[in-house]
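Working notes for the structure below.
Derivation of every value follows stated rules applied to the coordinates shown; laboratory data play no part. All figures in this text were calculated on a predicted structure; none of them were measured in a lab. Positions of Cβ are generated from backbone atoms using ideal geometry, with glycine treated the same way; all protein chains shown enter the neighbour counts.
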């Protein structure tokens, strides 16, 4: 709280309001003790304190804690029209692994602070950053969600299968939620195989859950896959990626490829993906994208421009880049 000089002619009421405000806000005296000291009722003290705020004798100021970047978050929100940006403090010399770990920790804290218990959450299967988030979460004392559903096929090569399962299993355990797996690969050889798998009764149940989600937690990927995705058998080959890059593709969310302006790349590649349909994804009210680092600048920018996410959790340097770039668009 800060006081300002009142410049109107002397007014006994104004003087009393100012005195009470100083006693309460600056000296920390309780309202009951102020009433006793000034021989007035406590109700009048409370009334005059409220009036002191309404006429500007008392103004509230917010002091930003170290490591909190409220102004930068607001700049990113305004530049891209998203509901919320969460900026995580990462050291200037941090490498990619340290950046992922820091963003994961920030995402874990965000979830712990915002989940209400009734959410039905979809989660992408192969994100290193989401795994970092899960590894840094603590079990909630009350249930954080009713169910956690894979957003794309989680079946992969045996040596990397544990990555996908661990994300869903551990997140569900931390939140006290029911895990719902997609018992299929994320990418298959052709459209006919995809359609056949989607006709399976187990996939009908998954698609029903997809349509009922209230929140999605998603990694934001480059066209070039991470090591985990590359070894999982769910990545596109270099020969398949080349025409995508030539067409201007910059990133993917749940294997849905998009260009720099965020528009979806349709065609043969998209027809081979077993994942939540784009229309169902875009209907989810809260879509949280978790990613950062200079390697993903273009992918994150495209995801924001295309409206793929409503909330972004990222590192300080990425946020600064996005604020500048978004303002220039």
Listed residues 176, 153, 91, most fluctuating in the chain (Gaussian network, C-alpha, under 10 Å): 91
On Cα atoms only, tilt of 158-175 relative to the major axis of the chain in degrees: 30
Estimated Rh, the chain: Kirkwood, alpha-carbon pairs, angstrom: 22.3
FRET E, pair residue 136, residue 294, Förster distance 22 Å, beta-carbon r, rounded to 0.05: 0.45
Using a Förster distance of 35 Å, the FRET efficiency for residue 260-residue 55 (Cβ separation, nearest 0.05): 0.10
Choice from 144, 190, 28 showing the highest fluctuation, given a GNM over the chain with Cα pairs closer than 10 Å: 28
For region 97-156: rounded, prolate or oblate by the Cα gyration tensor [a/c cutoff 1.5]: oblate
Among 244, 38, 131, residue whose mean-square fluctuation peaks in a GNM of the chain (springs only between Cα atoms under 10 Å): 38
Calculated diffusion of region 191-324, Stokes-Einstein form, Kirkwood radius summed over Cα pairs, 37 °C and 0.692 mPa s, µm²/s: 210
Nitroxide proxy distance, nm - points 7 Å out along Cα→Cβ at residue 242 and residue 74: 5.0
Ranked list, fewest to most other Cβ atoms within 10 Å of each Cβ, for 102, 196: 196, 102
Sorted by Cβ neighbour density within 10 Å, fewest at the top, the residues 242, 22: 242, 22
In Å, descending, principal axis extents of the Cα set of region 41-129: 63, 37, 25
Share, in percent, of DSSP beta bridges within the chain that are antiparallel, nearest 5: 30
0 to 90° range, to nearest 10: angle between helix 12-21 axis and the chain longest Cα axis: 50
Burial ordering of 210, 126, fewest other beta-carbon atoms within 10 Å first: 210, 126
Length released on extending from residue 39 to residue 200, taking residue separation times 0.36 nm less the Cα-Cα span: 50.1 nm
